[in-house]
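The next block holds one structure in the form of structure tokens; read it before the comments.
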Amino acid sequence: LDALNGQLTEQRDEILRINQLLQLKVLRTQMNPHFIYNCLNSILHLVQQGETEKAADYLLRFAKLLRQVLDFSDRQFIELEEEVQFLHLYLSLEKMRLGDNFNYSVTCDMDMAEEEISIPSLVIQPFVENAVWHGLSTKENDKRIAIRFSMVENHHQMHCIIEDNGIGRAMAAQKKENTSKHISKGMAITEERLQLLRYKLEDHQTIRIIDKISEESSS
């Protein structure tokens, strides 16, 4: 009986592990259409504005980005360097859409370059996309977003800070309510993925979203 119970326990744990992996796969396939829709919408916007050469360049970059998305969707983790390159490519596309008054940066601490760091695939981009589309795209004049990766607590944890000077969540929610009925699921799905990863890896990740009140203070 003890041997049988041991086998059943091992089978149950294996089933739970496979189930978690399958759920991660399903969540990835839910996220990709949302991401692709926004990119195609950007290309359509350029075509409607008569900027055909810019639209063609955007399409080529989008094709490269899409290949990376498809590649990352089959991998649970990617190297930090790959994530940085992916974010640079994505933000370069958004700069083509938003114009010269949109500026971005993606940086890492110097000591991180010497380490092999892996992170969950396709986790950072939905938060960056949300900041661009809801916080910056409807803002006039100066639009800025900065993404910073850093190591803390004796290199046992990594922080990723996404900071923008957008219109804020309250105004963004009001504009969205007045102009569109589309429900963005990218961030919610990503948070679900992180919850599943916490369960699978017995690890701890947290997400904090802070509205900045001014350059000197935040809330």
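Table for the structure above
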{"item": "Residue among 44, 58, 77 farthest towards the positive dipole end of segment 37-126, charges placed on Cβ", "result": "44"}
{"item": "Accessible area per residue, Å², segment 99-162 with all protein chains present, probe 1.4 Å", "result": "54"}
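The values are calculated or read from the model by the stated rules, or taken from the named source; none is laboratory data. Computed from a prediction, not measured in an experiment: that's the story for all the values here. Here Cβ is always computed from backbone atoms with ideal geometry, including for glycine, and neighbour counts include all displayed protein chains. In case anyone asks, the SASA skips ligands and DNA or RNA and just uses the protein heavy atoms, side chains included. Shrake-Rupley method; radii C 1.70, N 1.55, O 1.52, S 1.80 Å.
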